[in-house]
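Here the structure is laid out as structure tokens; the discussion comes afterwards.
A short reminder: the numbers here are calculations on the coordinates, not readings from a lab. Fair warning: this is a prediction, and the values are worked out from it, not measured in the lab. When we count neighbours, we look across all protein chains shown, and the Cβ atoms used for this are built from the backbone with ideal geometry, even at glycine.
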Amino acid sequence: ILNVEQSPQSLHVQEGDSTNFTCSFPSSNFYALHWYRWETAKSPEALFVMTLNGDEKKKGRISATLNTKEGYSYLYIKGSQPEDSATYLCAFSNDYKLSFGAGTTVTVRA
Amino acid sequence: NAGVTQTPKFQVLKTGQSMTLQCAQDMNHNSMYWYRQDPGMGLRLIYYSASEGTTDKGEVPNGYNVSRLNKREFSLRLESAAPSQTSVYFCATDRGLNGYTFGSGTRLTVV
């Protein structure tokens, strides 16, 4: 069992504001770090897969950074919109299976 | 979700009953996975199959069995359902650097 922790568990953000949250994972035997977006009543959808220390990925207003040496990743949402409301999962792999964190639930208030 | 089909979507079982959750993918991926999702606990790996003909236990395998029938299909069986197995079950395949593709989930209630 790989310990993947996400914080905070939930957050509320005003529409138009930016926010970020953290995923921490074991720093040894790193293979990949995934981020998923999970809307209510749907299935998780992949946002990013990062494999290299210092990786930065961006998709629209959402971006992520990776520090494998210290075992953390940040997800950033710039200019939050109501459609960004979802649970964001990170998942760590040291081989070919993923261990997921419990997620950060983001609620964007109009 | 495109490419991964799970059936059924909903199921209610009585304690002690058995059932099989079906998963099929049309993306020709080698690796397939079964996860369960419980409130506050995230997704936990039950079993996985790295390739056709192989299966391995994940984090929470007790009470479950799996079959990788062929490259397309990976089924999860509950031999004697227990209330602790009430959960939402997701099947997934691995797209490598594009992440996992998940099925739409099966919501199982054991009474």
Could you give the nm distance between label points at A:GLU70 and B:SER80, where each point is 7 Å from its Cα heading toward the beta carbon? 5.1
Within 10 Å of each Cβ in B:11-22, the average number of Cβ atoms from other chains: 0
What average number of partner chain Cβ atoms lie no more than 10 Å from the Cβ of the residues making up B:87-98? 2
Quick one: work out the % antiparallel among DSSP beta bridges in chain A, nearest 5. 90
What list of ³J(HN,Hα) values in whole Hz, one per residue of segment B:77-82 in order, does the Karplus curve 6.51 cos²θ - 1.76 cosθ + 1.60 (θ = phi - 60°) give from phi, with Gly and Pro shown as x? 10, 9, 6, 8, 5, 10
Looks like segment A:44-110, by Cα gyration tensor root eigenvalues a ≥ b ≥ c and the a/c under 1.5 rounded cutoff (else prolate when a/b is bigger than b/c, oblate otherwise), is prolate
